[in-house]
1. Tell me, what is the per residue accessible area of the range 477-545 in Å², probe radius 1.4 Å?
2. So what's the range 410-482 giving for Cα Rg divided by 2.2 N^0.38 Å, two decimals?
3. Starting from 0.36 nm per residue, how many nanometres of slack lie between Ser513 and Leu328 once their C-alpha separation is accounted for?
4. Report the extension gain between Ala473 and Ala268 in nm, rounded to one decimal, defined as 0.36 nm multiplied by the number of residues separating them, less their alpha carbon distance.
5. Quote the accessible area belonging to Lys330 in square angstrom, nearest 10, computed with a 1.4 Å probe and with ligands, DNA and RNA left uncounted.
6. Got a sec? What order do Tyr286, Tyr423 fall in by accessible area at 1.4 Å, biggest, i.e. largest, first?
7. Which percent of the accessible heavy-atom area of the range 388-457 goes to carbon and sulfur, probe 1.4 angstrom?
8. Can you tell me which lysines have their Cα less than 20 Å from the Cα of Lys330? Leave out same-chain residues fewer than eight positions away.
Amino acid sequence: GEAERGFGLVCGAAGLLLLLAATNVAALFLNRAARRSGDMAIRLSLGAGPRHLLAETLPESLGVACVAALLGLLMASQMGGLLRAWLPGADRLHGLGHAWAHPAVALFALGLVLGLGLILGLMPLAQVRRLRLEATLRASAGTGRSSHRVRDGLVVAQLAFATLLLFGVGLMGRSLFRLVNQPLGFDPKGLVLVELEPRSLPQGVQERRAPSPSPAPLLAALASRPGIQRVALCGNIPGDWDGNLELRWGFSAQNYSGGRVNASRDLASLETSERFLGVESVSQGYLETLGLAMRSGRTFTAEDVGAQRRVCVIDEAAARAFFPEGALGKRLHLGIWDDFVVEGGLKEGEPLEVVGVVAGYANQGAENPAVPSVYLPATLMPPSRMLLRASLGVKDLKPVLDQVLLEHFPDQRVRDLQTLHAYRWERALPRRQVLALLLPFGSVALLLAALGLGTLMGSQVTQRTREFGIRMALGATSGALLYEVLARALLRAALGIGAGMLLAFALLRTLESLLYGVGLGDPAALAGAASVLLATAALAALLPALRAARVAPAEALRSE
């Protein structure tokens, strides 16, 4: 279902994290090669060729890759259990633990890491080929500007990849928050959804039969219980129409859980009408339980339900579409399918008198535009659920419902019971899973970027120790050196953040279909990612900056 889009996004995040890790290790290898450039220059001057240097550097890189691959596979063997504890809805992902033991997956990961190790082992040789032997042998630091530029570029790339991942995490987090907390047009606080089923379920699809006795005594008994303010029957979950096979209240199983039917203000044009309405079967008190305001007319009465009157209540959008001159007292015809027909229920094309107009709400959920709707008395079409507005918790409501059902409808039992807020949170599961997977990626990316920047700044401070000592001897203050190192680190961070934002706008187009209420230019997500990266860069460079500020001039000059 919706997992396909999230799967592609997670694969992209994994690829970015792999690139970030590779650039991090590449910077470490280049940094090590830079420190050994003097030794390499001596060997080259004595006649050693690239083959000799390759025989020394390649086993090192492949050895690191093998150890890393072994550790990674050991961690992966435990990943199934970790994901079950971390990932929302992991119990539904059958085979989550077996996938990590698949030999093809293990071989692919092993080959990928060894291939990267081979490439990274060859990178120092490219730097050796550019060595100017005479200058290198004379120089004390053993590094050139080109080497610094390459390592600076790798660190900026790490920061860019980390920015991209953090920006994606911020967008998904803000989108999820807005989706779950988006107003639906009514107050969801205290709303509890109850699904019922017969105590003994026959095999296969049941045949339609006459309705059971009126549920009015059940509703009255529940409404009289302390902690329950209102109760009603309904066919759909408010804010979500999903066409699932459900069990109807007092009826056999019907393949109806709300939907759209064509409608017309006159019977002659019903078959050719291309106007559709969402149909909802509700009991007396439903509109009050949901908290929808009546714009004109009235809601359903006990007489409407008991006498099976052909009346309906429509929302404002339906009133504007079908009866712009005024809806009360007008006739509405619906194209009801045969599967919806029950004994004594509504027939196709049968006229319905509009007795009320009610405020609309987000009946397709927060993500989709609302559909104009018509509400029918519960006796005309079978409702499937109960909706309660209660101050009691779900655990306290369950025994109350069980007791009342045994007293009034002993052949029915509670199949599911949850608050509307919990249902909306459950419906957001695909997005929650994607966010739960992106969070570790973003955290590891931030850690790798901090390590890369800290290592680079530490290396450069070490190489400039003599320079800092001379400047201190000439009157430079510790604060000035501290500021200089931090400023250079924050400059690299700013370049990485800028590059990451450009990458985000170019690559995160695929994320738009998973977003709600936020865009790729969301200022809060941009500011959050930039602030986290800048703060991390400052912390990563703080230790090297303090080292630079504490250089003793005499020791620095003697060390040379």
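1. Numbers: 3170 Å² over 69 residues.
Using a 1.4 Å probe on heavy atoms only, each residue of the range 477-545 averages 46 Å².
2. Working it through for the range 410-482, the quotient is 2.51.
3. Stretched out fully, the Ser513 to Leu328 stretch lengthens by 62.6 nm.
4. Values: separation 205, 0.36 × 205 = 73.80 nm, distance 9.98 nm.
The span from Ala473 to Ala268 would gain 63.8 nm if fully extended.
5. Counting only protein heavy atoms, the figure is 60 Å².
6. Heavy-atom accessible area, descending, gives Tyr423, Tyr286.
7. Numbers: 1980 of 3160 Å².
For the range 388-457, the apolar C and S fraction of the accessible surface comes to 63 percent.
8. Lys347
The values are calculated or read from the model by the stated rules, or taken from the named source; none is laboratory data. Note that this is a predicted model, so its numbers are computed, not measured. Glycine gets a Cβ as well: all are built from the backbone with ideal geometry, and neighbour counts include every protein chain shown. Surface areas here come from the heavy atoms of the whole protein model, side chains and all, with no ligands, DNA or RNA. Shrake-Rupley method; radii C 1.70, N 1.55, O 1.52, S 1.80 Å.
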